[in-house]
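Report on one structure; see the data block that follows.
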Amino acid sequence: MKTLTSKLSALLFAALIGFNADAARIEVSEELASPGNEVTVTVTIGDLPDRTTSIQGTLNWDEDLIALMGADAGVLSDISFNDEDNNRLGFSWFNAAGTQLTGSNELISLTFMVADDAEGRAEITFGNDPISLEVADAGFAPVTLEAVDGYIDVVDDLPVELAVFDATATNDAIALSWATESEINFEGFEVQRSVDGNNFSTIAWLDARGSEAQGAGYAYTDNDATSGKTYYYRLQMWDFDGTFEYSNVATARIEGRGPVIEVFPNPTHHHAVLAFESFTEMDAIVLITVSDNTGRPVQQLNYTAQAGKNIIHLNVSHLSAGMYTIRLEQGEYFATRKLIIQ
């Protein structure tokens, strides 16, 4: 591990509903964070709505490496602090009348002391106890800025410069792609995934293959993603000397192919009822195919499905006893169900 004699660098990667993704960031003074010295850290916030009524959040850090010496309010002079814990600072501000914050505003200024014997990583992150960072607009509707992976690292500049990291959902998988601008003594990437945006696990490792003069492009496909669920991805980027850094967090979601059709009664003798919700928001033709256990179609019909719940009655009295498959197709979407005729 490197000692804390390197210049502090700060990156904040934020997922924001309704605002610019750079609306909040952590900034650090240009001082050296050598053991026994103080360093100034600020939380800067901008790109807010015309009238801001409340801001609250929590910052966490490792008390064995750095200690909070003081916290001062910035643009909001009456902001409240809760610094009863040695590794946590809560802050909150509320004004029913609201105020207009334009441009880039220093929200909080913090002074930290680096421990005399500090070695390793010193991180300052937005925590989730009770909330990372939340801004409420004039109507008090909760507009949430979630600092997913904001951090301050007391390490040398990374041996890799990441240009872009994206996640894109396909029909049945999520494709990750990223590119570097340069790589110096760089080992490789851990691809990490989360289902809640907080707890990540490693799902793949990719060796570095770029150079100092020229970076490289990378890709990985997550084939274990489930439809209807949002996934969070990040890269843990490792140097050969054991130091590492995280990328921004990218999210993707495979949209479901619609509900499985319901068939009743099942088993049946003479008729069956199909119940399903349309895959689209407008009326569309649905093709219904009944096939025997060899896959041979024995009955087929077209039905104009309406948006929402649909009920179809099938006469199957002419079919022999056995196992059948009902397939419902609407455009590119489909669903199947087994039907037993006695």
Check your understanding: Which GluC sites (Glu not before Pro) from segment 260-315 combine a DSSP loop assignment with at most 12 other Cβ atoms within 10 Å?
Key -> GLU281
Check your understanding: Within segment 183-220, whose backbone N sits under 17 Å from a point 7 Å along Cα→Cβ of ASP85?
Key -> 198-199
Check your understanding: So which GluC sites (Glu not before Pro) in segment 180-247 are both in a DSSP loop and have at most 12 other Cβ atoms within 10 Å of their Cβ?
Key -> GLU212
Exercise for review: Report the calculated FRET efficiency for GLN342 and ALA284 (r = Cβ-Cβ distance, R0 = 41 Å), to the nearest 0.05.
Suggested key: 0.80
Review point. How long, wide and thick is segment 262-341, going by the Cα atoms along their three principal axes, in whole angstroms, largest first?
Key: 37, 22, 16
Practice item. Beyond 17 Å, what share of the Cα-Cα pairs of segment 158-256 is found? Please give it as a whole percent. Key: 48
Check your understanding: Using mean Cβ contacts within 10 Å as the protection proxy, how do 217-226, 126-135 order, highest first?
Key -> 126-135, 217-226
Exercise for review: Counting only C-alpha contacts under 8 Å and six or more residues apart, can you give the relative contact order of segment 158-256 as a whole percent?
Suggested key: 34
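Throughout, read-outs are computed from the coordinates displayed, never taken from laboratory work. Source: prediction; values computed, not measured. Glycine gets a Cβ as well: all are built from the backbone with ideal geometry, and neighbour counts include every protein chain shown.
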